[in-house]
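The values are calculated or read from the model by the stated rules, or taken from the named source; none is laboratory data. Keep in mind the model is a prediction, meaning the values are calculated, not measured. FYI the Cβ positions are ideal-geometry reconstructions off the backbone, even for glycines, and counts take in every protein chain you see. Note: areas computed on protein heavy atoms with side chains; ligands, DNA, RNA excluded. Shrake-Rupley method; radii C 1.70, N 1.55, O 1.52, S 1.80 Å.
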Amino acid sequence: MKAFIRKQRYLIDFTLSSLLRRPGKNLGLLVVYSLIVFLLASVMLFTHALRSEARLVLADSPEIILQRMVAGRHDLIPGSYLEKMGRIRGVIGKHGRLWGYFYDPAVQANYTLMVPRDRQLAEDEAVIGAAIARTRGVSRGDFLTFRSTDGNAYSFRVSAILASDSELVSADLILVSEQRFRTFFGIPEGYYTDLVLNVRNPKELRKVAEKLTLRLPDTRPILRDEILRTYDAIFNWRQGIVFVLLTGTILAFVIFAWDKASGLSAEERREIGILKAIGWETSDVIRMKFWEGAIISLSAFLLGYLTAYGHVFYANAGLFEPVLKGWSVLYPEFRLTPFIDGLQLATLFFFTVFPYTVATIVPIWRAAITDPDTVMR
Amino acid sequence: MLLNPAILALSIVSFVVACMMLLATGFGLQVVRHWDIGSGSELQLTMERRTYLISTLVAFSFMAELVALLLFIYNAEQISSQFVGAMCATGVLNVDPYGWPTLYLKIAIFFSGAVWLTLNHVDNKARDYPLVRVKYGLLLLILPLVIAELVLQTRYFLGMDPDIITSCCGSLFTPEGQGVAAELSGVEPGTAMLLLTVSGAAALLTGGWYLFQRKSGIAFAVTSLTTFLIALLAIVSCVALYIYEHPHHHCPFCILKEGHDFMGYYLYIPLFIATAMALGAGAIAPLRNITSLKEIIPAESRQLIGVSMLFMLLFYLVAAYAILGSNLTMVEVWW
Amino acid sequence: MRKSDLFILYLGTLSGLLLLSLVDAGNRSHLATQQLAETRREVRALELTDLSLFTEARYTRHLSQSDRHTPFQDHPLALEHFPSGSLVAPPTLLRSGR
Amino acid sequence: MEPIQLHQVKKAFNQGRPNEFWAIRGVDLTIQPHRATVLKGPSGSGKTTLLSMIGCLSRPTSGRITRGEQLLSGLPERFMTEIRRRTFGFIFQQFNLIKGLSVLENVMLPAYPLGPDHAQLSRSALELLHQFGLGTKAESRVEWLSGGEAQRTAICRALINDPEILIADEPTANLDSRLSREFMAIVDGLKQTGKTILLTSHDPVVFDSPVVDRVVEMSDGQIMDPSCC
């Protein structure tokens, strides 16, 4: 065992010397390799952190949301449905929710207008999300004026700005009073956007939802668990799509690595011949070359991962911002909380180190079987 | 179908491993046909050099499969949130009929790899390579396993349909717990414990017998393999319960989680190593009559069996610790 | 000093940094519990259901409540939005319209 | 110490192809231990091929090479290497030092696969270098050495695993006559310590040297005067 470790150290000694003798070529490879790891790792860390955060934060959403469907379209739901559904076992609370979208031509942004249930607002009062405040350049006490559906202009006094800590969920919110909401959008009394049902025991959720569809056949219930599950799936799927797209990059890199490993110079070939002539065995040469690959791929993996970590969690994933922002004008400023697990690291490792190693097996073997007596010829 | 990086990685690994094994088996067949150790011809020299490539390919494949096994379970654990009623990896493996077979195949590949590498190791020590035909013939038996694993795993992943909100109707009433969350029932805990003790004692006895008498290496392999199977059974039906401190949670994978102090690793790693080495020792035991291996096999077997017994003891110690250190008392449940 | 010693040192440092990143992640998620709790409180109080990550269009704002009558248009079967929505650049008219 | 015996050794290149070529056509030879033997002959006479087969660098196509009871030919490469690195030390015509490494590292190289203790190995390598007057050059790179120094480094490298037999292929081809004589003096010293020495050369400085015990003349893959064996 001791001899085995010593031998590996000698092999590392030699490998490092031979890597350092061709610094340009190997450094280039390392940089390209690290860049690929960096890209993949950034995507992975970012989406995983976002997914974990979504799961944590949305765990407190309403358990069931009931929407009315008219001709396959989401429609206002009458408050009478609250009585119509009757008493359902397990439901501990039910009420209407009022919310809608408003397109602001001034900044070409979509706002979400909402009637909060946790606070009483005066008619002309509004609480706005931090991203709106930023985009519109307003602060507490300023006025915002919007033209409503009936052509009148309504002014809102900004009485508070939502905490920027929660920007990830509240960036584009405008909270207004129920009275103003109804007049602004022309929604008659007694109608709601949708209904919220609170169910304490999660085991009863499906039973409740099933009863709802039976009693109110023109509605669709949306369960919190389903929302969470679907967000999970979306982020997973997105991650998968990006990885599929980046597979092309990996493939190109693998071809590059293969080419580099098989295009041994005459000089290197001679060197291997010398090593074999003075007593190195084929498997020693294979092991030495394996160390060469391991040194490069481990370095690239660690360097790429570490820079990606810095990029996503310390530089707020600056490179992805334009992609995520897309067309949107309002973009939340948020600092992601790092969530990392073994699966992420193992997957990343497989995606980067495994293809490289596979690509170099055959070239390594080819180099290693050089005739030992070539140096005598 | 489900697409995430881990599933992508697993599919790539299985595909690449199948390709590498195909290559290795192809070369192996050529070697079997033309091998002539006494010849000094250039063809023979080429063959000999091929053997280096084959063993590198095979060793690398098995290593990749081993890590893929872990990734497979990890991944199942993580995507469990996307299936209604799947509380953990068990539920995800139950999602379609190909989950469990894929897992079993992965384990089978790991063990056959261990056997092959042991044969290869022994063979490389003898000057006339007496096992060349045997080991490359054996590749022919391993290849179908690898290909079957690729096919089953692909079907498994393709068959996965996450229960998410679909475009048309909001809630979708996937019937909860229908098969998906079905617990592994397992045997009576008492019976499992008894079997585990008996088979462990048998394995240690046969192993000790070999160390002193140089006989019955195969018996050790057989008892070890039996112990392995019984140990898995016992983990499901009994040991896991103590770790979870819950009399009805039978999952063999949740013990790998952080919440249970990663107990699973301490149980599975020694168990798998011990079994792999025991199988290796069993595979080389009948070859002791080959002249050039006469000296090598007893020495190698001794080492393998010794280390295997050590790891098996370690497994028993960890299992005992898990049971004795638990707050769960199952007195009323099983005696 | 042997080259392999240097290498072990180098690899050790990098792996140390990797471990450090895991510790840092644990640390920061611990520190963030307060902020997350704040966000959760907001979600509960205002009965929010979605992240405000995708505000570019109304039907992407609330992926689960979408007013285009199909919740989760991000679903791969919802072709009107995915994948074209994530791959095609916005029309130049929209980008230069300001 | 037992003699090395060659029995009807033949070697073909490109066997079975149109350009098949028999480099060695049946050689019987016995090499006595503790002696210096020279294989002499024009280039293309097969002496280097023969030398590489004796040194376990390549295998004869047919015939047997034995050393006492032990068969040297017909072994798989793995075991040939094992024998080679413990039994033979090689000095090549081009010296074949590995560029970019220091003199010390070059000397230690043949011992790497054996995995000896590092401190001990570098100590014995330094001792060898001192013995051959290269103590001050240990840390310099091999590209900076003169021809004579390079050859002495190669000799140190050949001796690091303490082999019983030293094999040198055209050792004086790249040296002037002063350095060649110096080399023969070194060979004499090594012979005194009990090493068996096997050289190929067509340089009179080598085969006329009093150090050499026996000269075997070769031509066209055969030994010219079989009676001398």
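Structural remarks
- Any hit, the range A:85-92, residues being more than 30 Å from residue A:340 (Cα to Cα), in contact with a strand residue (DSSP E or B) (Cβ under 7 Å, 6 or more places away or on another chain) and within 9 Å of chain C (Cβ to nearest Cβ): no
- Members of the range C:37-48 found to be within 7 Å of chain A (Cβ to nearest Cβ) and either open to solvent by 20 Å² or more (accessible area, probe 1.4 Å) or out of contact with any helix residue (DSSP H, G or I) (no Cβ under 6 Å at 6 or more places or on another chain) (or both), listed by number: C:38, C:40, C:44, C:45, C:46, C:47
- Set D:78, D:84, D:123: member being without any contact (Cβ under 8 Å) to a residue 60 or more places away in the chain, in a helix (DSSP H, G or I) and buried (at least 21 other Cβ atoms within 10 Å of the Cβ): D:84
- Selection status of residue B:53, under 18 Å from residue B:158 (Cα atoms), modelled with pLDDT of 90 or more and not assigned by TED's automatic domain parsing to the domain that holds residue B:253: no
- Residue tally, condition buried (at least 22 other Cβ atoms within 10 Å of the Cβ) and outside any helix (DSSP H, G or I), over the range B:87-127: 1
- Just one of the listed residues (B:58, B:134) is crowded, with 19+ Cβ neighbours inside 10 Å and of a type in the set (A, V, I, L, M), and it is B:58.
- Test: residue in the range D:126-133 that is within 20 Å of residue D:171 (Cα to Cα) and over 21 Å from the mean Cα position of the chain (by Cα): yes
- Residue identified as at pLDDT 85 or above, surrounded by 17 or more Cβ atoms within 10 Å (Cβ to Cβ) and at the interface with chain C (Cβ under 7 Å from one of its Cβ atoms) among A:332, A:338: A:338
- Of all residues making up the range D:126-139, the number that are in a helix (DSSP H, G or I) and loosely packed, with under 14 Cβ neighbours inside 10 Å: 4
- Within the range D:140-160, the only residue that satisfies the criterion of being surrounded by 22 or more Cβ atoms within 10 Å (Cβ to Cβ), charged (D, E, K, R) and within 12 Å of another protein chain (Cβ to nearest Cβ) is D:157.
- Residues that are charged (D, E, K, R) and either within 30 Å of residue A:344 (Cα to Cα) or free of Cβ contacts under 8 Å to residues at least 12 places away in the same chain (or both), drawn from the range A:260-310: A:260, A:267, A:281, A:287, A:289, A:292
- Residues in the range B:61-86 that are under 20 Å from residue A:234 (Cα atoms) and open to solvent by 20 Å² or more (accessible area, probe 1.4 Å): B:74, B:77, B:78, B:81.
- Residue check, residue A:2 touching a residue at least 60 places away in the same chain (Cβ under 8 Å) and basic (Lys, Arg): no
- Of all residues in the range B:86-118 being β-branched (Val, Ile, Thr) and under 15 Å from the mean Cα position of the chain (by Cα), the one that is farthest from residue B:153 (Cα to Cα): B:115
- The residues of the range A:247-261 that are open to solvent by less than 50 Å² (accessible area, probe 1.4 Å) and either over 41 Å from the mean Cα position of the chain (by Cα) or not basic (Lys, Arg) (or both), listed by number, are A:247, A:248, A:250, A:253, A:254, A:257, A:261.
- Residue satisfying all of: in the range B:28-40; without any contact (Cβ under 8 Å) to a residue 60 or more places away in the chain and open to solvent by 30 Å² or more (accessible area, probe 1.4 Å); nearest to residue A:241 (Cα to Cα) among these: B:30
- Residue check for residue C:52: farther than 17 Å from residue A:99 by Cα, open to solvent by less than 40 Å² (accessible area, probe 1.4 Å) and modelled with pLDDT under 90: no
- Positions within the range C:1-36 being under 19 Å from the mean Cα position of the chain (by Cα), at the interface with chain A (Cβ under 7 Å from one of its Cβ atoms) and open to solvent by 40 Å² or more (accessible area, probe 1.4 Å), in sequence order: C:22, C:35
- Among the residues of the range D:11-32, those that are more than 9 Å from chain B (Cβ to nearest Cβ) and within 22 Å of the chain's Cα centre (by Cα) comprise D:23, D:24, D:25, D:26, D:27, D:28, D:29, D:30, D:31, D:32.
- Scanning the range D:53-63 for residues that are within 10 Å of another protein chain (Cβ to nearest Cβ), touching a residue at least 24 places away in the same chain (Cβ under 8 Å) and either open to solvent by less than 10 Å² (accessible area, probe 1.4 Å) or at negative phi (or both) yields D:53, D:55, D:56, D:57, D:58, D:60, D:61, D:62.
- Qualifying position, being away from every other protein chain (no Cβ under 13 Å), out of contact with any Pro (no Cβ under 8 Å at 6 or more places or on another chain), within 26 Å of residue B:46 (Cα to Cα) and not β-branched (Val, Ile, Thr), among D:6, D:50: D:6
- Listed here are the helices (runs of 4 or more DSSP H) enclosed by the range A:135-250 that have at least 1 residues being more than 10 Å from every other protein chain (Cβ to nearest Cβ): A:178-185, A:205-215.
- Scoring residue A:68 on the criteria (1) more than 29 Å from residue C:36 (Cα to Cα); (2) within 35 Å of the chain's Cα centre (by Cα); (3) touching a residue at least 12 places away in the same chain (Cβ under 8 Å); (4) surrounded by fewer than 20 Cβ atoms within 10 Å (Cβ to Cβ) leaves a single failure, condition (4).
- For the range B:111-123, the condition of being out of contact with any His (no Cβ under 8 Å at 6 or more places or on another chain), without any contact (Cβ under 8 Å) to a residue 12 or more places away in the chain and outside the structural domain of residue B:251 (by TED's automatic domain parsing) holds for none of the residues.
- Extreme residue, surrounded by the most Cβ atoms within 10 Å (Cβ to Cβ), among residues of the range A:90-133 that are under 29 Å from the mean Cα position of the chain (by Cα) and without any contact (Cβ under 8 Å) to a residue 24 or more places away in the chain: A:101
- The range D:189-216, subset among the charged types (D, E, K, R) and surrounded by fewer than 17 Cβ atoms within 10 Å (Cβ to Cβ), residue nearest to residue D:174 (Cα to Cα): D:208
- Matching entry among B:46, B:25 (being of a type in the set (Ser, Thr, Tyr) and under 16 Å from residue B:140 (Cβ atoms)): B:25
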